[in-house]
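The values are calculated or read from the model by the stated rules, or taken from the named source; none is laboratory data. Being a predicted model, the structure only gives us computed values, none of them experimental. All Cβ positions, glycine included, derive from the backbone under ideal geometry; neighbour counts span all protein chains shown.
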Amino acid sequence: MKSSVPIYRRLTLALLFASALSLAASIALAAEPDQRALDPEVLKDVATYEKAMGTDHGLTPDKIRKFANAMNESPVFKNKFLGIWTVQTPSDAWIIMEIMHEVKPDLIIEAGTFHGGSSALWAIILEHINPDGRIVTIDIEDQRERKAKELPIVKEKVDFLLGSSTDPKVVAQARKHAEGKKRVLVLLDSLHSKKHVAAELEAYAPMVSVGSYIIVQDTPLGPKAAIDDFLETNKSYIADRKRERYPDTNSVRGYIKRIKP
């Protein structure tokens, strides 16, 4: 990525309206408002995003401007794994790896592939925990970097599904991958609106094994509200708050553990 190009111009729509919302919120809200007009490219992304996904993201133009500016400062958006752009908060990635070691999943379903860095990371860790385990990663657009696609561990262990994580056809494909698997772990890191996360929880919760987790990332605002509604009506799951031991977690109430069938 060339340093002369602002980071937000390279983010997916989901990252623009979701990951930025939580990962950059503390910086953005403290920043002085930028009085310049929104970049036309950002406005085009807003229109495209809302046409495809609806208008329940809750972001005003001023918030979008602040988040776009803040993303240029947030170190999370500069993270790379094996040279692949990987937008993961390191402390949350550590907790996910701990959960992987405890659960020893036969299958990890990841909603939100982006450049493919996180699925490469999970694949390498999974190889040492459960050599027969596999990963299914889902995104509405194939933006995986070539180096991510060409990693031998990715070729061996990772299956990519193109489409929305809530599309019934995609959900059916993921369910097929989950058939016969004793331990299934789900990571939700795609579009972080309340409506979308609620649909993801409804679709993927039945696939998760007892003792395993649905991990919802970037939970402030939309995802948190969806989680609250989900836990209110689904008593098979609890929010495992002890997983939130790092103060910079972006999964507040997002480590959702299945405790019974």
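Below is a table of values for the structure above.
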| item | result |
| --- | --- |
| Close pairs from the stretch 82-104: first more than 11 Å from Arg243 (Cα to Cα), partner among the β-branched types (Val, Ile, Thr) and not in a helix (DSSP H, G or I), Cβ under 8 Å, at least 6 apart | Thr89/Thr249; Met100/Ile108 |
| Subset of the stretch 90-116 [touching a Ser or Thr at 6+ places or on another chain (Cβ under 7 Å) and crowded, with 23+ Cβ neighbours inside 10 Å] | Asp92, Pro105, Glu110, Ala111, Gly112, Thr113, Phe114 |
| Selection status of Ser74, at pLDDT 75 or above and outside the structural domain of Lys147 (by TED's automatic domain parsing) | yes |
| Every pair of residues 6+ apart whose Cβ atoms lie under 8 Å, when the first sits in the stretch 202-218 and is buried (at least 18 other Cβ atoms within 10 Å of the Cβ) while the second is of a type in the set (A, V, I, L, M) and part of a loop (DSSP other than H, G, I, E, B) | Ile214/Val208 |
| Options Tyr213, Tyr204, Tyr237; residue that is hydroxyl-bearing (Ser, Thr, Tyr), touching a Leu at 6+ places or on another chain (Cβ under 9 Å) and over 21 Å from Thr137 (Cα atoms) | Tyr237 |
| Residue in the stretch 193-200 that is buried (at least 21 other Cβ atoms within 10 Å of the Cβ), basic (Lys, Arg) and either at pLDDT below 95 or under 22 Å from Leu126 (Cβ atoms) (or both) present | no |
| Any chance Gly163 is closer than 26 Å to Pro220 by Cα, at pLDDT 95 or above and of a type in the set (Gly, Ala, Ser) | yes |
| Check on Ser74, buried (at least 19 other Cβ atoms within 10 Å of the Cβ) and in contact (Cβ under 8 Å) with a residue 60 or more places away in the chain | no |
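Let's see how each residue does on (1) over 27 Å from Glu127 (Cα atoms); (2) assigned by TED's automatic domain parsing to the domain that holds Glu102; (3) in contact with a Gly (Cβ under 7 Å, 6 or more places away or on another chain):
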{"residue": "Glu156", "(1), (2), (3)": "no, yes, no"}
{"residue": "Val170", "(1), (2), (3)": "no, yes, yes"}
{"residue": "Leu185", "(1), (2), (3)": "no, yes, no"}
{"residue": "Gln217", "(1), (2), (3)": "no, yes, yes"}
{"residue": "Pro220", "(1), (2), (3)": "yes, yes, no"}
{"residue": "Asp229", "(1), (2), (3)": "yes, yes, no"}
{"residue": "Arg243", "(1), (2), (3)": "no, yes, no"}
